[in-house]
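**Student:** Quick one: the structure is below, and I'll ask about it shortly.
The values are calculated or read from the model by the stated rules, or taken from the named source; none is laboratory data. The structure presented is a predicted model; accordingly, all values stated were derived computationally and were not measured. Cβ sites come from the backbone with ideal geometry, for glycine too, and all protein chains shown count toward neighbours. Ligands, DNA and RNA are excluded from the accessible area calculation, which covers all protein heavy atoms including side chains. Shrake-Rupley method; radii C 1.70, N 1.55, O 1.52, S 1.80 Å.
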Amino acid sequence: MIEFLKTPAGFAILTLVQALSLLVPLLILVAYLTYAERKVLGAMQLRKGPNVVGPFGLFQPFADAIKMLMKETIIPTGANRALFIMAPMLTFSLAMIAWAVIPVNDGWAIADINVGVLYLFAISSLGVYGIIIAGWASNSKYPFMGALRSAAQMVSYEVSMGFVMVTVLLCVGSLNLNDIVTAQTRLWFAVPLFPMFVIFFISTLAETNRSPFDLPEGESEIVAGFFVEYSSMSFALFFLGEYANMILMAAMTTILFLGGWLAPFGIAPFTWLPGPLWFFLKICAVLFVFLWVRATFPRYRYDQLMRLGWKVFLPFSLFYLVLVAGVLLAFGWLPNA
């Protein structure tokens, strides 16, 4: 068996099994994130939320999926058919393949590469293409305006996110995500780098087009943003891609600042829980804040969104990066120096 796994066919089968063992739970988690969002928003608005399909409404995500599958895919007459269909597939695929380098436990990653952070940078940068293609291929002014908004927003907040991640990398001395987690054995980076932690979390809200930064989907002025012309399963792929990106950003927040799979500060009563369970619980906690923010804050104006990104987050993250680098150099704490 071991000899077979060393062959190209065996390696391909092993990789497929690894991918399915991650993607299937991820898709189930995406489905139940939509349910959790509706329940949390319902509780915060003093209503029940989904409670009809199955006990406590637990089968509602599957009912929604079946409804989407049974609907007709409508392609506008003037749309570019190939690009129109390709855009949601691209968005969903990129949200999935980014998980290849995410470690859920020590060494538990499909691809434990030494440039995992660069890989995530590349995938997150490509994500904007699916939205731009969808807006342009729809041949309608509202999707196109939504796509332009989303592109500008994602580029604006990726810059400050990049500085935040570079600050973490300075403290670790490695681009490997596994090394970033193990460097937090004694102290999570959320404590010494708390301002950067806050900036990173708010930037993930903007990066995933979540409230209060959901300007690309501004119903009051551009109907529903870049996917206004989409229906049935093509719309569902955009929907799934957005929620998969939310989970990815929660996982990145957990890895960079909350110690990944490590128990809180290595305290003995908590260490008996397995690492993957801690990783899952931290992701759920971050996602709850995503939903909490949506229920609490009103939408920003577009000029406020841009001002926050370029005039507040960018200079502050650059200043804090220089400050951290200076402190590490002055006290001789630079790793691998």
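**Student:** Quickly run through the stretch 13-39 and pick out the residues that are open to solvent by less than 60 Å² (accessible area, probe 1.4 Å) and modelled with pLDDT under 85. Show your work before the answer.
**Tutor:** Narrowing the stretch 13-39 to residues open to solvent by less than 60 Å² (accessible area, probe 1.4 Å): 15, 19, 22-23, 26, 29-31, 33-37, 39.
Within the stretch 13-39, T15, A19, L22, L23 qualify.
**Student:** While we're on this one: Would you confirm, using the coordinates I've provided, whether V53 is aliphatic (A, V, I, L, M), at pLDDT below 90 and out of contact with any strand residue (DSSP E or B) (no Cβ under 8 Å at 6 or more places or on another chain)? Give the derivation first.
**Tutor:** On the way: aliphatic (A, V, I, L, M): yes; at pLDDT below 90: yes; out of contact with any strand residue (DSSP E or B) (no Cβ under 8 Å at 6 or more places or on another chain): yes.
Judged against the criteria, V53 is a match.
**Student:** Within the stretch 36-82, track down each residue that is in contact (Cβ under 8 Å) with a residue 40 or more places away in the chain, part of a loop (DSSP other than H, G, I, E, B) and either closer than 27 Å to S140 by Cα or in contact with a Cys (Cβ under 7 Å, 6 or more places away or on another chain) (or both).
**Tutor:** K71, E72, T73, I74, P76, G78, A79, N80
**Student:** Another question, if that's okay. Residue check: is P76 farther than 30 Å from D179 by Cα and either charged (D, E, K, R) or open to solvent by less than 20 Å² (accessible area, probe 1.4 Å) (or both)? Please lay out each step first, then the result.
**Tutor:** On the way: farther than 30 Å from D179 by Cα: yes; either charged (D, E, K, R) or open to solvent by less than 20 Å² (accessible area, probe 1.4 Å) (or both): no.
Against the criterion (farther than 30 Å from D179 by Cα and either charged (D, E, K, R) or open to solvent by less than 20 Å² (accessible area, probe 1.4 Å) (or both)), P76 does not qualify.
**Student:** Next question, about the same structure. Test F288 against the criterion of being out of contact with any strand residue (DSSP E or B) (no Cβ under 6 Å at 6 or more places or on another chain), more than 22 Å from S150 (Cα to Cα), open to solvent by 80 Å² or more (accessible area, probe 1.4 Å) and touching a residue at least 40 places away in the same chain (Cβ under 8 Å), and give yes or no. Break it down into steps so the answer makes sense when it comes.
**Tutor:** Numbers: out of contact with any strand residue (DSSP E or B) (no Cβ under 6 Å at 6 or more places or on another chain): yes; more than 22 Å from S150 (Cα to Cα): yes; open to solvent by 80 Å² or more (accessible area, probe 1.4 Å): yes; touching a residue at least 40 places away in the same chain (Cβ under 8 Å): yes.
Spelling it out, F288 is indeed out of contact with any strand residue (DSSP E or B) (no Cβ under 6 Å at 6 or more places or on another chain), more than 22 Å from S150 (Cα to Cα), open to solvent by 80 Å² or more (accessible area, probe 1.4 Å) and touching a residue at least 40 places away in the same chain (Cβ under 8 Å).
**Student:** Quick one: what pairs do we get from the stretch 295-306, first residue closer than 22 Å to G49 by Cβ, second open to solvent by 60 Å² or more (accessible area, probe 1.4 Å), C-beta under 9 Å, 6+ apart or different chains?
**Tutor:** A295/A43; A295/M44; A295/Q45; T296/M44; R299/S220
**Student:** So which pairs qualify, if the first residue must be in the stretch 175-196 and in contact (Cβ under 8 Å) with a residue 12 or more places away in the chain and of a type in the set (S, T, Y), the second must be part of a loop (DSSP other than H, G, I, E, B) and surrounded by fewer than 19 Cβ atoms within 10 Å (Cβ to Cβ), the Cβ gap must be under 8 Å, and the two must be at least 6 apart or on different chains?
**Tutor:** T182/D106
**Student:** In the stretch 92-184, which helices (runs of 4 or more DSSP H) lie fully inside it and hold 1 or more residues that are modelled with pLDDT under 85?
**Tutor:** Details: elements: 116-137, 141-172, 177-182.
It comes to 116-137, 141-172.
**Student:** Can you find a residue that is of a type in the set (G, A, S), closer than 19 Å to L193 by Cβ and surrounded by 12 or more Cβ atoms within 10 Å (Cβ to Cβ) anywhere in the stretch 295-316? It would help to see each step written out before you state the result.
**Tutor:** As a first pass, look at the stretch 295-316 and keep what is of a type in the set (G, A, S): 295, 309.
Right, trim to closer than 19 Å to L193 by Cβ and you get none.
Checked the stretch 295-316: no residue is of a type in the set (G, A, S), closer than 19 Å to L193 by Cβ and surrounded by 12 or more Cβ atoms within 10 Å (Cβ to Cβ).
**Student:** Give all pairs with beta carbons closer than 6 Å in which a residue from the stretch 310-334 that is in contact (Cβ under 8 Å) with a residue 24 or more places away in the chain meets a residue that is loosely packed, with under 14 Cβ neighbours inside 10 Å and part of a helix (DSSP H, G or I); count only pairs at least 6 apart in sequence or on separate chains.
**Tutor:** Hits for this filter: zero, empty list.
**Student:** Out of the residues in the stretch 243-274 that are modelled with pLDDT under 85 and assigned to a helix (DSSP H, G or I), which is least open to solvent (accessible area, probe 1.4 Å)?
**Tutor:** P264
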